[in-house]
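Submitted below is the structure of interest, expressed as structure tokens.
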Amino acid sequence: MRDTNVPSLAELFGPNPPTNWGKWGAEDEIGTLNYLGPEEALKGVAEVKTGKSYTLQIQMGWDDERGDPVWPGRPQIERKNVRDAEVWAKGETGLDPYPGGLTDADDVATISLQGSTQYDALGHTWYDDQIWNGYDSQTTAGALSKASILPIAEHGIVGRGVLIDMARHRGKDVLDKGETFTHEDVLAAAEAQGVEIKPRDVLVIRTGFIGSWYSRQPEEFFADFIEPGLTYSRELVEWFRSMEIANLVTDTIANEVTTDPESGVLLPLHAAFLRNLGLLMTEMTILDELADACAADGRWSFLYTAAPLKVVGGTGAPVNPVVVR
């Protein structure tokens with residue numbers, strides 16, 4: 001039963017919330033990815049000065065005991081070898097030796113499609129029985145037949161990226177749990193960094209939170225779990241819409257403060273962005289090395305590229321974004 005002290009999303013957003021429904025036609029499934037075409041790709045290419053590349057995915061299965069920093073309740077990756085030198089030596093492969101003597105190692109993994117750095121499908125979250133672009137929420141039953149990750153993965157993401165280092169801007173290695181910021185704070189940080197956020201950019205925001213996983217114990221990381229991040233306001237959503245921001249990328253699990261401090265609503269921007277704007281969201285990136293490089297030479301814009309896995313019907317998919325400076 002819903003807590004009646006917490007407003008519904010419809011109540012929080014009020015009448016006529018900002019929306020992009022129908023902007024790209026009644027059958028659209030990629031939302032703000034429509035903003036990224038050849039012209040935007042070339043604008044990203046124009047930002048490349050040194051050719052140095054940075055990958056933004058966290059390692060999967062980096063520590064068997066501690067696991068990875070997944071959303072509470074999501075399963076950890078389970079990976080195991082099904083063939084290797086020991087299995088071959090024991091004759092347990094169930095295979096005859098390969099002609100010529102070649103042997104191999106092989107493994108399998110069970111993963112949550114949102115258990116690592118990943119893109120959300122636009123049909124991942126909803127309210128009032130409708131997902132992105134007005135599709136019925138029943139299209140999610142069994143698998144997403146509308147607004148799954150597949151159309152996004154088939155398209156790929158290439159554009160001008162800009163990194164806003166909120167942690168560094170506030171003089172911290174990592175923002176505090178529950179620490180919030182607005183689009184105005186983002187703009188102030190951009191001005192301090194000397195970089196301009198332009199229409200149709202891929203907006204990358206560093207809080208330091210995912211990076212802190214590797215220096216914290218899991219009990220501390222998850223205690224009283226509430227991540228730092230953007231906090232909902234209608235003005236913030238209007239800004240993202242008017243700027244035609246193509247993709248929001250952060251180094252937190254949910255891309256926004258976990259619980260809105262004023263309303264008590266859980267993850268309202270997932271509804272305002274994914275469902276209403278069709279805004280691409282990329283979660284759980286690792287941005288510390290990239291941020292250090294940007295700070296060292298004062299260049300905070302770059303070519304951003306990403307291609308999530310082509311999972312048919314998926315609610316999301318792992319990705320290893322590549323930034324080229």
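The values are calculated or read from the model by the stated rules, or taken from the named source; none is laboratory data. Everything quoted here is computed from the prediction, not taken from an experiment. All Cβ positions, even for glycine, are placed from backbone atoms using ideal geometry, and neighbour counts span all protein chains on display. Just the protein is used for accessible areas: all its heavy atoms, side chains included, with ligands, DNA and RNA removed. Shrake-Rupley method; radii C 1.70, N 1.55, O 1.52, S 1.80 Å.
Quick check on this structure: which one of R160, R206 is surrounded by 22 or more Cβ atoms within 10 Å (Cβ to Cβ), basic (K, R) and more than 27 Å from L266 (Cβ to Cβ)? Walk me through how you get there before you give the answer.
Details: R206 fails: more than 27 Å from L266 (Cβ to Cβ).
Answer to the selection: R160.
Can you tell me which residues in the stretch 163-177 are open to solvent by 10 Å² or more (accessible area, probe 1.4 Å) and either in contact with a strand residue (DSSP E or B) (Cβ under 8 Å, 6 or more places away or on another chain) or polar (S, T, N, Q) (or both)? Show your work before the answer.
Of the residues in the stretch 163-177, the ones open to solvent by 10 Å² or more (accessible area, probe 1.4 Å) are 168-174, 176-177.
R168 - this is the single residue of the stretch 163-177 that is open to solvent by 10 Å² or more (accessible area, probe 1.4 Å) and either in contact with a strand residue (DSSP E or B) (Cβ under 8 Å, 6 or more places away or on another chain) or polar (S, T, N, Q) (or both).
Continuing with the same structure: Could you check A271 against (1) under 25 Å from P72 (Cβ atoms); (2) open to solvent by 20 Å² or more (accessible area, probe 1.4 Å) and say which number it fails?
(2)
Select from the stretch 227-257 the residues that are open to solvent by 50 Å² or more (accessible area, probe 1.4 Å) and touching a residue at least 12 places away in the same chain (Cβ under 8 Å) and list them in ascending order. Before you say what the answer is, go through the steps one by one.
Narrowing the stretch 227-257 to residues open to solvent by 50 Å² or more (accessible area, probe 1.4 Å): 234-235, 238, 241-242.
Passing the criteria: R234, E235, E238, R241.
Here is a follow-up. List the number of the failed condition for T180; all other conditions in (1) in contact (Cβ under 8 Å) with a residue 60 or more places away in the chain; (2) open to solvent by 20 Å² or more (accessible area, probe 1.4 Å); (3) touching a helix residue (DSSP H, G or I) at 6+ places or on another chain (Cβ under 8 Å); (4) not charged (D, E, K, R) hold.
Failing condition for T180: (3).
Restricting attention to the stretch 304-325, which residues are among the hydrophobic types (A, V, I, L, M, F, W, C) and open to solvent by less than 20 Å² (accessible area, probe 1.4 Å)?
Taking the stretch 304-325 as the starting set, the residues that turn out to be among the hydrophobic types (A, V, I, L, M, F, W, C) are 306-307, 309, 311-312, 317, 319, 322-324.
Result: A306, A317, V319, V323.
Hey, among the residues in the stretch 37-65 that are open to solvent by less than 50 Å² (accessible area, probe 1.4 Å), in a loop (DSSP other than H, G, I, E, B) and in contact with a helix residue (DSSP H, G or I) (Cβ under 8 Å, 6 or more places away or on another chain), which one's nearest to A246 (Cα to Cα)?
Here the residue is L56.
Please go through the stretch 5-17 and pick out each residue that is in contact (Cβ under 8 Å) with a residue 12 or more places away in the chain and surrounded by fewer than 17 Cβ atoms within 10 Å (Cβ to Cβ). Lay out the reasoning, then the answer.
Quick first cut of the stretch 5-17, residues in contact (Cβ under 8 Å) with a residue 12 or more places away in the chain only: 5-10, 12-14, 17.
Result: N5, V6, S8, A10, G14.
Condition check ((1) in contact with a Pro (Cβ under 7 Å, 6 or more places away or on another chain); (2) in a loop (DSSP other than H, G, I, E, B); (3) not small (G, A, S)) across all residues:
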site	(1), (2), (3)
L95	no, yes, yes
G100	no, yes, no
Q114	no, yes, yes
N133	no, no, yes
Q138	no, no, yes
S145	no, yes, no
I152	yes, no, yes
G161	no, no, no
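Answer with yes or no whether D68 is of a type outside the set (S, T, N, Q), over 24 Å from L303 (Cα atoms) and surrounded by 12 or more Cβ atoms within 10 Å (Cβ to Cβ). Can you show your working first?
On the way: of a type outside the set (S, T, N, Q): yes; over 24 Å from L303 (Cα atoms): yes; surrounded by 12 or more Cβ atoms within 10 Å (Cβ to Cβ): yes.
Yes, satisfied.
Still on this model: Taking the stretch 268-311 on its own, how many of its residues are part of a loop (DSSP other than H, G, I, E, B) and among the aliphatic types (A, V, I, L, M)?
Kept after step one, since they are part of a loop (DSSP other than H, G, I, E, B), are these residues of the stretch 268-311: 278-279, 284, 286-287, 298-300, 307-311.
Within this subset, residues satisfying the condition of being among the aliphatic types (A, V, I, L, M) are 279, 284, 286-287, 307, 309, 311.
Result for the stretch 268-311: 7.
Could you figure out which of (1) modelled with pLDDT of 95 or more; (2) at positive phi isn't true of G101?
Exception for G101: condition (1).
Still on this structure, please answer the following. Just the residues that are part of a loop (DSSP other than H, G, I, E, B) and hydrophobic (A, V, I, L, M, F, W, C), please, taken from the stretch 196-250.
So the first thing to find is which residues in the stretch 196-250 are part of a loop (DSSP other than H, G, I, E, B), and the list is 196-201, 207-208, 216-217, 223-228, 231-233, 243-246.
Listed by number, the residues that qualify are I197, A223, F225, I226, M243, I245, A246.
Inspect the stretch 79-94 for any residue being surrounded by fewer than 16 Cβ atoms within 10 Å (Cβ to Cβ), over 20 Å from the mean Cα position of the chain (by Cα), among the β-branched types (V, I, T) and within 20 Å of M60 (Cα to Cα) and give the result as yes or no.
Yes: one or more hits.
State which residue pairs qualify: first residue at pLDDT 95 or above and inside the stretch 202-219, second residue open to solvent by 10 Å² or more (accessible area, probe 1.4 Å) and of a type in the set (S, T, N, Q) in any location, beta carbons under 8 Å apart, and separation of 6 or more residues or different chains.
Hits for this filter: zero, empty list.
Follow-up. Looking at Q193, Q217 in this structure, which one is of a type in the set (S, T, N, Q) and crowded, with 16+ Cβ neighbours inside 10 Å? Break it down stepwise before answering.
On the way: Q217 fails: crowded, with 16+ Cβ neighbours inside 10 Å.
Only one candidate qualifies: Q193.
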